[in-house]
Every structure is written in structure tokens, then in C-alpha cells.
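To keep things clear, I will list the structure first and then write my remarks on it.
No lab work stands behind these numbers, since they all come straight from the coordinates. Everything numeric here is computed off the predicted structure, so don't read it as measured data. Because the Cβ atoms are built from the backbone with ideal geometry, glycine has one as well, and the counts that use them run over all protein chains shown.
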Amino acid sequence: MYISFSLFLVKWIEVRLYKGEITMLKRVLIVTGLLIILASTCLAASSDSQTLEVSWNHYHYGYSEVIGDSENAWLNGMHLSYKNQDNTSKNFWKVSYDRTSGNTQYAYDGTPPAKSITNDKFTNTEVTYGVPVSNDKKQFVYIGYGNRAWDRNLNSVGDYGGYLEKYSWGYIPVGYRLEYNLNAQWDGAVDIAAKFMFGGKMSAYYNGGFSGPGLIGSQFNLGNKPGLRVEAPFTTQLAPQLSLVLTPWYEYSGIKKSNIVGGYLEPDSSTTQWGVNVGVSYKF
């Protein structure tokens, strides 16, 4: 029941954010407040261990297509998560939400190469369920469901000026997590997950319209590629229920070429991201 409610809550948040109805500061406050309400609701019905994390995300984004086009930038975003774990069995479920809005440097492989600024919005929503697989209950495997969305506003780059491309796809995360005590002050973990993509779509808009010059239709079906994410969180206690969280991470993802629409297709591409989350967690 709580997982279903969490999915509904996160999708509601995502719709509101994409409609542009909320400023960035208000977004952080509203999403954090809603997750606190969710945690409090679960706490009233359970004695499980529950953790809410709010983090600032700083990372390098690198996107490249086989035709030579690329986008690169250092970006800042937010990360929010809520985890509910049974104190006895150590089974857990977790919902997380990441959002970034910023500009990337677009390099168009024309003749000569052209460069421009692209405005990008990324959101990632994920729910996972995990179980321990070791006697000390420090090792876990988990599976879940995730959704990735990318709004790519190409300002003025060669033949692509005026395009807004909206990407979205689902994925199944399958992961392994090892938790350990680093020393008396710090705890650590290593978390590795494969992400199996499915149902990818890209819709092309041109100067506010649903299609551009030469495009008969507006939607492309994207090919699927598996991805990988590795993170190594470190936590240290600041107060009885409050901890500092530092999480270095790396992620690879890719998209296979799409179907052909009006003589156009979305080419093969790959994305590498790496950075660190810095924030706090509160344990209920």
C-alpha cells in the first residue's frame, strides 16, 4: 500500500514540476515536505526504521552521439529519498527522486563544427525493494522500477535550431549493496545496479509546434540499451537522528537508434555522468 502511495505521490510531484508551476526553491521545500508527510504516515503504522535524505547533487554530464554531436557540462541538482526498513528482517523498500535543470555545451558535428547552449531538464524517479543475502544482513540484492525523463531544448545549432526534444523511458534496476563500518565515526556502502531500459520515446517539437521541417510524425521509438550505476555513500552522525551523507557516484546509460520518421531517426548515443551528492539524512 505504501509503495503504491509513494509512486502516486512522486508522479504527482513530477507533473507539477514539469508544468513549471513552482520555483526551484519552492520545489525543494514542497517535495521535502511531502516526503516528510509520507514518512510520518508510515511511521504511524509501523515501527520500522525509516530514513529521509535531502542532498545537493554536483556532477559532470557527458552525452555523445555516433554521428559526432555531443553535450557536456557541470550541473547542479537535487536528490530526495525515503527508505523504510524492517528492524528484524532488514527487508527494505526505497523511493528516490532526482531533478536537474541547467545548460550544457552542445557541439554540432557540421562543417565547420558549431557550438551552442542547450537548456536541459532531467528527472529520475525510482522505487526499489531489497532483501538481505548474508548472515550478518549487511549485503542486499534489490529490484525495482524507474523512469527517466529529459527535456532537451536545442537553441540554435546548425540544422537543429528551434527544436525541443522530449525523451522518456522506463527501466528495471537490479542491484547489489554491501554495507560496512569504516571506523568509529563513519559508515560506508558500495551499491552497484544494472538498469534495463524499456519503452523509450522521443517527441520532437519545432518552434512550439509538434513537428519540424521534413518530419511527418513527431514521435520516435527509441532502442534499448542496458545501463550501469555505481555509488559509494559515506555517513557520519551529527546528532542522534541526523547524519551527514557524502555519496560519490558514476553512471553510464545509452540509447540505441530509433525507427525512421519522415526520413529522420534518433542516432545511437551514450551518456556518462559522475559526481557527488552532499546532504543530510534524518532517521525516524
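Of 120, 86, 136, 48, the sequence from fewest to most neighbouring Cβ atoms within 10 angstrom is 136, 86, 48, 120. The alpha-carbon of residue 225 sits under 20 angstrom from the alpha-carbons of these aspartates and glutamates, leaving out residues fewer than 8 places away in its chain: 65, 69, 71, 126, 151, 165, 251, 266, 268.
By other beta-carbon atoms within 10 Å, ranking 127, 174, 66 with the fewest at the front produces 66, 174, 127. As a proxy for reagent exposure, ranking 260, 255, 143 by other Cβ atoms within 10 Å from fewest up yields 260, 143, 255.
The listed peptides 231-240, 91-100, ordered by packing as a protection proxy, come out as 91-100, 231-240 (highest mean of other Cβ atoms within 10 Å first). Separation of the alpha carbons by more than 29 angstrom is noted, of 94/166; 121/257; 94/201; 90/256; 94/121; 138/195, for 90/256.
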